[in-house]
Each structure stands twice: as structure tokens, then as C-alpha cells.
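Visitor: One structure is given below, represented as C-alpha cells, and several questions about it will come after.
The values are calculated or read from the model by the stated rules, or taken from the named source; none is laboratory data. Values in this document were obtained by computation on a predicted structure and should not be read as measured data. Ideal geometry is used to build each Cβ from the backbone, glycine not excepted, and the neighbour counts take in all protein chains shown.
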Amino acid sequence: MIFIFHESAGNEVLTLDGELFKYLVKVRRHHEGDRIDFRTEKSPHMLHCYSIEHIEAKALRLRLLHSSEHVVKAAKSLHILWCVIDAKSIEKVLPTLTELGVAKISFVDCERSQRNFKLDFRRFGRIVNASMQQCGRSEFMELERFESLQAALSCYTDLVYLDFCDTPLKEIPNIETVLVGCEGGFSKSERTLLASQRCFRLDTPMVLRSESAVCAAASKILL
């Protein structure tokens, strides 16, 4: 874990107990004198470095050494419009997309998205936060949802989309917004809506699941 989110980070003295105490002392086996970095969700760009001053039976006390602005984010900005799939599949790859540096995900209810999929944005947020602490990222990923592809295209007019075509991803420069469909791909009417947009393919003979395609595209664009 690179840092820990804590609402009181920045205070001169920080006292930790409960599950966080167990994790740091019992699992991570920290000792007095060890340094631990913290951030707050309100000001995630500020990094607060603490030293463990004293460990008691069920709590530990840390003292602030210094605070400084330390931004950790991807060199490029990528916005993914992702046609809705099973929330469980989304949850499995959210940590990976966080680590890759995806700035924003707009979930889109497409014609071939199953309508019974409910997206729990609070749960998604907790997954993203946990991943940020693991990878060191200091910028939250934005999440939103659109009721249709047409609604999404009314807000985001300049994008490239993944589909079966002749243009490999590497031939399209400066991609900032990418659209990835759900299982079954885009419907005929949705392809009509996308007629004016650039299309790309991934250079593989295999058929990818939607979540695999999202991670592959993000990796190639951002890394």
C-alpha cells in the first residue's frame, strides 16, 4: 500500500485504532519509527508523511513529519465510454483501469446491454479508492451513466470506437475518448449514429470480452 486515505490526515498527531490498526501492526508489521504516507479524499493531491511515535495494545500514535503537494496521475488523459455489462465484470477490472490511469468512465446503456444490470456507484467508488491506495494514484476517476448511446454522443462528439474495421489502434493518434461496446457489439441503428466517428480494431484474431477489450485499449493508449 503506497498511502492510506484518512479524514484527519494533515493533523499534527494521528491516532489509529480498529481495523486500520490491525492492518498496519498485525498484517504489515509496522514498528515505532516507521514512516507511513496519508492523503484525504477532500484533498487527495496533498501527501502527508507520518512517523509512528508509539504503539499501544489497540492503537498507534503517529506524528506528522511534513506535508507537500504530490500529484500522481497518468501522463495522458483517457475517457472511456463503456456500454453497460454485468456489474461484477466491471468490478473485476476497475482496479486495473485505475492503475492504468483512466481519468473517466461513462457507462452507456446500449441497445444490447441487459437492462437488469444495476450499477452501484458507491461500491465502484470504494473499489477505486482501494486501488488508488495500492498504486499511489492521487486523482479520482470520474464515473457517470447515460441512458442511451445517443445521449452520450450529444455530450461527447469527438471519439473513436472499437469495432470490426480495417484501422488498427496504433494508426490513430491523440486519442482522448474511446467507446467500447458490450457483448454482441453495436446495433444497426447505433452504427448509424457512429457513422461520422473514427473506428479502430485491436490487432488480435481472438474475440475479446468487453472488459478485456477495455483494458487492452486503455493499456495501448496510456502506456
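Visitor: Quick check: is even one residue across the stretch 174-181 over 19 Å from S106 (Cα atoms) and of a type in the set (G, A, S)? Explain how you work it out, then say what you get.
Guide: So the first thing to find is which residues in the stretch 174-181 are over 19 Å from S106 (Cα atoms), and the list is 174.
Subset that is of a type in the set (G, A, S): none.
Checked the stretch 174-181: no residue is over 19 Å from S106 (Cα atoms) and of a type in the set (G, A, S).
Visitor: Grab the strands (runs of 3 or more DSSP E) fully contained in the stretch 38-131, keeping just those with 3 or more residues being under 22 Å from A217 (Cα atoms). Give the derivation first.
Guide: Numbers: elements: 46-55, 59-69, 79-83, 104-108.
Answer list for the stretch 38-131: 79-83, 104-108.
Visitor: Go through (1) surrounded by fewer than 13 Cβ atoms within 10 Å (Cβ to Cβ); (2) under 22 Å from the mean Cα position of the chain (by Cα) for F164 and report which single condition fails.
Guide: All conditions are met except number (2).
Visitor: What number of residues within the stretch 1-16 satisfy the criterion of being in contact with a strand residue (DSSP E or B) (Cβ under 7 Å, 6 or more places away or on another chain) and either loosely packed, with under 13 Cβ neighbours inside 10 Å or part of a helix (DSSP H, G or I) (or both)?
Guide: 3
Visitor: Which count do you get for residues in the stretch 136-154 that are within 21 Å of A216 (Cα to Cα) and either buried (at least 18 other Cβ atoms within 10 Å of the Cβ) or not assigned by TED's automatic domain parsing to the domain that holds G185 (or both)?
Guide: 2
Visitor: Please find, among L159, L97, the residue that is under 14 Å from L193 (Cα atoms), crowded, with 18+ Cβ neighbours inside 10 Å and at pLDDT 95 or above.
Guide: L159
Table: residues versus (1) in contact (Cβ under 8 Å) with a residue 60 or more places away in the chain; (2) more than 16 Å from the chain's Cα centre (by Cα); (3) closer than 30 Å to E211 by Cβ; (4) assigned by TED's automatic domain parsing to the domain that holds S189.
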residue	(1), (2), (3), (4)
S8	no, yes, no, no
L14	no, yes, no, no
L20	no, yes, no, no
D37	no, yes, no, no
C49	no, yes, no, no
K58	no, yes, no, no
R61	no, yes, no, no
A103	no, no, yes, yes
D109	no, yes, yes, yes
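Visitor: Output the number of residues of the stretch 202-218 satisfying the condition of being surrounded by 14 or more Cβ atoms within 10 Å (Cβ to Cβ) and either assigned to a helix (DSSP H, G or I) or more than 22 Å from the chain's Cα centre (by Cα) (or both).
Guide: Total meeting the criteria: 9.
Visitor: Additional query: Consider S154 carefully, then state whether it is over 20 Å from A75 (Cβ atoms), part of a helix (DSSP H, G or I), more than 13 Å from the chain's Cα centre (by Cα) and among the small types (G, A, S). Steps first, answer last, please.
Guide: On the way: over 20 Å from A75 (Cβ atoms): yes; part of a helix (DSSP H, G or I): yes; more than 13 Å from the chain's Cα centre (by Cα): yes; among the small types (G, A, S): yes.
Yes; evaluated as a whole, the condition is true for this residue.
Visitor: While we're here: Assess whether L159 counts as being in contact (Cβ under 8 Å) with a residue 40 or more places away in the chain and more than 28 Å from P44 (Cβ to Cβ).
Guide: No.
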